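A short write-up of the structure that comes next.
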Amino acid sequence: MDPRIPRLRRKLAAIPFQPLRSHSFGEEHHKFRLAPKLAEARVAAFEAEHDIALPDAYWQFLTHIGGSGAAPFYGLMPLERCSLLVMNPREEPGAPRGFDDAEPGGHERDLFLHVIEMGCTDVCVIAVTGPLTGRVLIGNSDGFWGPNVSSAADFLDWYERWLNHMSAGRDNRALELTSPQLRAHPNRHRMAPKI
């Protein structure tokens, strides 16, 4: 088991009780609760069905912390609802790229697993193959913005960053966190820093 797992469990358990924490968009949906962790056999069956190997940090989260629930935005989706995506080819230099469903068995392009519900056509994915394997990306499936690659080394680091920023009462537009100070300000929509 990854040594970060017990620390993440403790941090997540404490978050709802911290009065000066940031508000996390979508927290009303998951209420900082996790579904039971998944059996290794269930995760292995998903990998075999899709002919992929999940990145280790995400695999560790599913089998040692929880199978769905508390996470940025509307939360971590159950594994059976996760879908494989491919990034659209770049049409013009510097233009944002969207995501499309991966063709079954078609693994000639880098694969991304849609793991967190963001709403509308926005997606939060983990790279499953290619040079970004294990990294979290946030983008729009229609290519209206992004994708943005997180600087976190893997899913566990990304998840811990969310917990740390929320605990510290920070604003973070990339993770949709709003500090207590900004939530209380009448012109809060104009004050949020762009990242």
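The values are calculated or read from the model by the stated rules, or taken from the named source; none is laboratory data. On a predicted model such as this, the values are computed, not experimentally measured, just so you know. Every residue, glycine among them, receives a Cβ derived from its backbone with ideal geometry; neighbour counts consider all protein chains shown. For accessibility, only protein heavy atoms count, side chains too; no ligands or nucleic acids. Shrake-Rupley method; radii C 1.70, N 1.55, O 1.52, S 1.80 Å.
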Worksheet item: Out of the range 141-169, which residues are over 19 Å from Lys11 (Cβ atoms) and touching a Gly at 6+ places or on another chain (Cβ under 6 Å)?
Response: Ser141, Asp142, Gly143, Gly146, Pro147
Worksheet item: When you scan the range 129-162, how many residues do you find that are touching a residue at least 24 places away in the same chain (Cβ under 8 Å), in a helix (DSSP H, G or I) and surrounded by fewer than 22 Cβ atoms within 10 Å (Cβ to Cβ)?
Response: 2
Worksheet item: Ala102 passes all but one of (1) touching a strand residue (DSSP E or B) at 6+ places or on another chain (Cβ under 7 Å); (2) open to solvent by 80 Å² or more (accessible area, probe 1.4 Å); which number fails?
Response: (2)
Worksheet item: Identify, please: which residue in the range 1-10 is open to solvent by 60 Å² or more (accessible area, probe 1.4 Å) and in contact (Cβ under 8 Å) with a residue 12 or more places away in the chain and is, among those, farthest from Glu176 (Cα to Cα)?
Response: Met1
Response to the item:
Residue count, the range 93-128, condition in a loop (DSSP other than H, G, I, E, B) and either among the aromatic types (Phe, Trp, Tyr) or at pLDDT 95 or above (or both), comes to 1
Worksheet item: Mind checking which residues of the range 87-98 are open to solvent by 10 Å² or more (accessible area, probe 1.4 Å) and either of a type in the set (D, E, K, R) or touching a strand residue (DSSP E or B) at 6+ places or on another chain (Cβ under 8 Å) (or both)?
Response: Met87, Asn88, Arg90, Glu91, Glu92, Pro96, Arg97
Item to complete: May I ask you to list the residues in the range 22-42 that are surrounded by 17 or more Cβ atoms within 10 Å (Cβ to Cβ), modelled with pLDDT under 95 and out of contact with any strand residue (DSSP E or B) (no Cβ under 8 Å at 6 or more places or on another chain)?
Response: Glu27
Discussion item. Looking at Pro55, Pro78, can you tell me which residue is surrounded by fewer than 16 Cβ atoms within 10 Å (Cβ to Cβ) and either in contact with a Cys (Cβ under 8 Å, 6 or more places away or on another chain) or not small (Gly, Ala, Ser) (or both)?
Written reply: Pro78
Practice prompt. Those residues that are of a type in the set (Asp, Glu) and open to solvent by 50 Å² or more (accessible area, probe 1.4 Å), I need them from the range 105-124; list them, please.
Written response: Glu108, Asp110, Glu117
Worksheet item: What about Glu80, is it free of Cβ contacts under 8 Å to residues at least 12 places away in the same chain and over 24 Å from Arg21 (Cα atoms)?
Response: no
